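The next block holds one structure in the form of C-alpha cells; read it before the comments.
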Amino acid sequence: MMNALHADAGPTPPPVLEMRALEREFTRKPVLAERLLGLLGRQIDIPVLKAVRSVDLSVHEGEVLGLVGESGCGKSTLGRMLTGITSPSRGELDYNGKPVTELSGQALRDFTLDVQMIFQDPYASLNPRQKVGDILAEPLRVHRITRSETETRKRVDEALREVGLDVSYRDRYPHQFSGGQRQRIGIARALIVEPRFLVCDEPIAALDVSIQAQVINLFLDLRRRRNLTYLFISHDLSVVRHIADRVAIMYLGQIVELAPAARLFAEPAHPYTRTLLEQIPSVRNRKRKFHAVKGEIPSPLKPPSGCAFHPRCAFATDRCRAEAPLPRDLTETHRVSCHLFDNN
Amino acid sequence: MTGQDKTIPVLEIRGLQTVFHDAQGAWPAINGLDLTLHKGEVLGLVGESGSGKSVAGFSVLGLIDPPGEITNGEVLFNGRDLRKLDEESLRQLRGASLSMIFQDPLTTLNPVLTIGEQMVEAIAEHTRGATPDLRRRCAEGLARVGITSPAERLDQYPHELSGGMRQRVVIAIAMLNRPDLIIADEPTTALDVTIQGQIIAEMQELQRESGAALIWITHDLGVVAELADRIAVMYAGDIVETGSTDDVLDRPRHPYTRGLLNSVPGDTAAGEPLRQIEGSAPPLSRRPAGCPFSPRCDRASDMCLDQPPPPEADANGRVWRCYHPLPEEEAA
Ligand SMILES: Nc1ncnc2c1ncn2[C@@H]1O[C@H](COP(=O)(O)OP(=O)(O)OP(=O)(O)O)[C@@H](O)[C@H]1O
Ligand SMILES: Nc1ncnc2c1ncn2[C@@H]1O[C@H](COP(=O)(O)OP(=O)(O)OP(=O)(O)O)[C@@H](O)[C@H]1O
Ligand code: SF4
Ligand code: SF4
Ligand SMILES: [Mg+2]
Ligand SMILES: [Mg+2]
C-alpha cells in the first residue's frame, strides 16, 4: 500500500467511532384519511424507507475511510448519524469507546466539537443572512475557543486562506459566491474548530481539479500534522483511490464490501464494486458510449428480496434472490457480502 | 454523431459583459464573452472555481440581479436578441425552449412544495392537460433520470430526498418541456458514474430527437472528454481557449489549460500531494492589468503584464488568448 502513513501500520490504532448494527428508517406522518382509518382500528400501511440497514463499521484514528455508493444509498444519512445530527433508529454508536447516547457534560462538548461535518449541499448549510466572517467566527465565539476578537479574526483569515479564498471575502454573504467558493466556506467552517474527526460529504464535488488538488492536499496535510481522522464520502473513485486508506462500498443502505484501498482497486470482489470500477470516466477514455443503467435500480421503499443487488447482477442465482448474503472475511482486512464467496 | 445539422446556430453570444458593483466600483465577472453553439452540439464550459461559468449561464438567461448588471453584448437565441426581449417574453422562453439546470438544486426547488406539485406546475405553464396525465409525465421524467418508485417520490418534499436525487429532479424538470437549449451548470457533480452515464444517455437521446443544444458547465474534465464536441476554457471571466474536444485536451495551447489537465488525479501515487496550479485566482476587484493568468503563469514575460492578449485562431477553428502558447506539436 502506498499511503505513507499506514504502509507498515503495526497494530491497528483504536477505533475513534464504532458503529454496530446501525440503522435509520424514515416514514411520513399519516395523512388525515389514514389517521381516520387508524382511529377506526384499521391497519394503515405507511411506507417505511430504510435508508441505512444494519451497518457495522469502525473508523480508526488517523485513517481516511472512503465511503462510496450510488446516489440515494444512504451515505449522507450514515454521515449525519456519526456526527449526531440524525439519531439512529436502532443500533449503537461509540465515540472513543463510549456510547454516544451516554455522553454528557465535557465529554458531550468534546464530541460536538471534535466531530465535524462538511455538508454535501453548502447552500443549505450556510445562513444566508450572515456574513462569511461571522459564519466562521461563530463557533469560535460560542465555544469560547478564542480569547479575543483579534485572535478570532486571525483564525478566520487563516481558515479562508487555507481553502484558497481571499481574506477580503470575509464581508460577503453566501449568495455572493460561486458554487465552489461556497463549498470551500463549508470546508473552512468545519476546520476552524480544529476537529479530530471529519465527515466529508462530497466535499470536493463542486470544485475544479486545481482547487480539488489544493483541498485534498490540505486534508492529507492535516492528517499528517494533527492525525485527523476522516470519513470521506465521494462518488469520485479516482479521488477516493488517491486519498483513502480503506474503502467501504455501500449499496441500498448496507456495506457490501470493505477493503484497503489498494486492494479494493486491484482486486474488487463484489460484482457491484466491479461495475463501479469499470465506469470511472477519464480524460483519456474518450467518447465512451453511455448506457442507461442495466436492470432496474432498486428502491429503498421496496428493497428486493435476498441480495439487494440481484436485479442488476450478472451472477445472480436463485439463492441470491431468496437469501441475503452475510459478510465474509476474504482476508483479515477484506470483507465482502456476496454468495459468490461463500465457499472461500 | 447525432444526425443533426450542426451548422445552424442556436445561440450566438457576442461581447457579453456582466459586472458586479460594490462600494469601490464595478468589477467584470465575465468580460466580453464570444461563443457560438449549433443545433445538436454539446459545448463543455470548463474553468476554475470563480472563473465566471455560472454568471455566464445566468447572463444568457437574463437572470442577473443587482448589484450585478449586464453591461454589454448580444445574446442571439434562434436569431432573436434576448437582451432586447421584455421580461414576460423572456419568462415564456425560460423553462420552455430555453432551460437552465442550476448548480445548487435547492435554489430551484421550493422547500414547501412537493416534488410533484413543482413538476406539474413547470409543465402546466407551457402545456394544457389534466393533472393525472401531467403527473404521469412527471413520474416518467423522474424514472428517466434513474429515480425509483417515482410515483411515491412525487409526494415527497425536497429535504426528504438525497443530494443526488434533488440534483436529478432539477435535471428532470429542465428536460420536461423538450427545450432547444439546455444550460446545465454542474448537473452531475454529486452523482456516481452509473447514474451520470444514465443521465448523459438521456440527454443524448433528447438531442437526437429534438436537436437540442447543450452547454455543459463543469470542472470535471473526464465528463466533458466523453460528452462534448467542443470545449471552452474559462479563466477570470475570459474564454482563454476553445476548440474541438480532442484538440483542447490532447494538444492544449494555453498554459492554464495544461495546468488544469495536470491536476487531474490519476498519475500521482496515492497519498502523495497532487499537483495544483500555484496560487489562486484573484478576486474580481484585483484582476491583473495584462493577461489575467500572468501571476500564476510560468511562461509569462513583460509583454504579458502589460496588455491582455488578443484572441488568435488556427485553421481548425481553435482560438486561444496567449502571447506564448504551448507549441502545437506538444501533446498533453
Ligand atoms: N452576487 C454576487 N455578488 C458579487 N460577486 C459575485 C456574485 N455572484 C458571483 N460573484 C463573483 O463572480 C465570480 C464568478 O462567479 P461564478 O459563480 O460565475 O463562478 P463559477 O465559474 O461558476 O465557479 P464555480 O465553479 O465555483 O461555481 C466569482 O468571483 C464570484 O465571487
Ligand atoms: N429526512 C428524510 N425524510 C425522508 N427520507 C429521507 C430523509 N433523508 C434521507 N431520506 C431518504 O434516505 C435515502 C438515503 O438518502 P441519503 O441522503 O443518505 O443518500 P446518499 O447516499 O447521501 O445519496 P446522494 O449520493 O444522492 O447524496 C434516500 O432514499 C432518501 O430519500
Ligand atoms: S449475492 Fe448474488 S446477486 Fe448478490 S452480488 Fe453476489 S452474486 Fe450478485
Ligand atoms: S499571455 Fe503570457 S501570462 Fe498569459 S497565459 Fe500566455 S504566457 Fe502566460
Ligand atoms: Mg448524500
Ligand atoms: Mg458555478
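The values are calculated or read from the model by the stated rules, or taken from the named source; none is laboratory data. On a predicted model such as this, the values are computed, not experimentally measured, just so you know. No Cβ is skipped: glycine too gets one built from the backbone with ideal geometry, and neighbour counts run over all protein chains shown. For the accessible areas, the whole protein counts, side chains as well, though only heavy atoms, and no ligand, DNA or RNA atoms are used. Shrake-Rupley method; radii C 1.70, N 1.55, O 1.52, S 1.80 Å.
Points worth noting:
- Computed over chain B: relative contact order in percent, which uses C-alpha pairs under 8 Å that are six or more apart: 20
- Compared with the dominant Cα axis of chain B, that is its longest principal axis, helix B:115-124 is turned about 90°.
- Using the Cβ of B:Gly243 as centre and a radius below 13 Å, the other residues enclosed give a net charge of -3, where K and R count +1 and D and E count -1.
- Most simply put, the protein assembly as shown has about 60% antiparallel DSSP beta bridges, counting only bridges with both residues inside it.
- With contributions of -39500 (n - 2.57) from each DSSP H run of at least four residues, the per-residue ellipticity at 222 nm computed over chain A stands at -9500 deg cm²/dmol.
- In a reduced charge model with +1 at each Lys and Arg Cβ and -1 at each Asp and Glu Cβ, segment B:111-176 shows a dipole moment near 220 debye about its Cα centre.
- Those GluC sites (Glu not before Pro) in segment B:244-332 that DSSP places in a loop and that have at most 14 other beta carbons within 10 Å: B:Glu278, B:Glu328, B:Glu329, B:Glu330
- Residue among A:Ile192, A:Ile118, A:Ile46 with the largest mean-square fluctuation in a Gaussian network model of chain A, springs linking Cα atoms under 10 Å: A:Ile46
- Tilt relative to chain A, helix A:105-114 - C-alpha long axis, 0 to 90 degrees, to 10: 90
- When chain A is treated as a Gaussian network with alpha carbon springs shorter than 10 Å, the biggest mean-square fluctuation among A:Pro47, A:Pro304, A:Pro327 belongs to A:Pro47.
- Positive dipole terminus of chain B, leading residue within B:Leu113, B:Ser294, B:Tyr323 (C-beta point charges): B:Leu113
- Threshold 10 Å², segment B:197-221 residues less accessible with all protein chains present than alone (1.4 Å probe): B:Gly197, B:Gln198, B:Ile200, B:Ala201, B:Gln204, B:His219, B:Asp220, B:Leu221
- Model label sites at B:Ala315 and A:Ser89, defined 7 Å from Cα along the beta-carbon direction, differ in position by 6.7 nm.
- Note that segment B:111-176 carries a Kirkwood radius of 11.5 Å, evaluated over its alpha carbons pair by pair.
- On Cα atoms only, tilt of B:163-176 relative to the major axis of chain B in degrees: 80
- Close lysine pairs were tallied over the protein assembly as shown: pairs 8 or more places apart or on different chains with Cα atoms under 17 Å apart number 5.
- GNM top mover of A:Phe315, A:Phe265, A:Phe219 - chain A, alpha-carbon springs below 10 Å: A:Phe315
- When the residues A:Tyr123, A:Tyr230 are ordered by accessible surface, computed with a 1.4 Å probe over the protein chains alone, the sequence from largest down reads A:Tyr123, A:Tyr230.
- With contacts taken as Cα pairs under 8 Å and at least 6 residues apart, chain A reaches a relative contact order of 19 percent.
- Within chain B: Cβ-based charge dipole about Cα centre, in debye rounded to nearest 20 (Lys, Arg +1; Asp, Glu -1): 500
- In a simple Cβ point-charge model (Lys, Arg +1; Asp, Glu -1; nothing else charged), the protein assembly as shown has a dipole of about 1160 debye relative to its Cα centre.
- Centre separation in Å (Cα based) which lies between segment A:98-115 and segment B:136-153: 41
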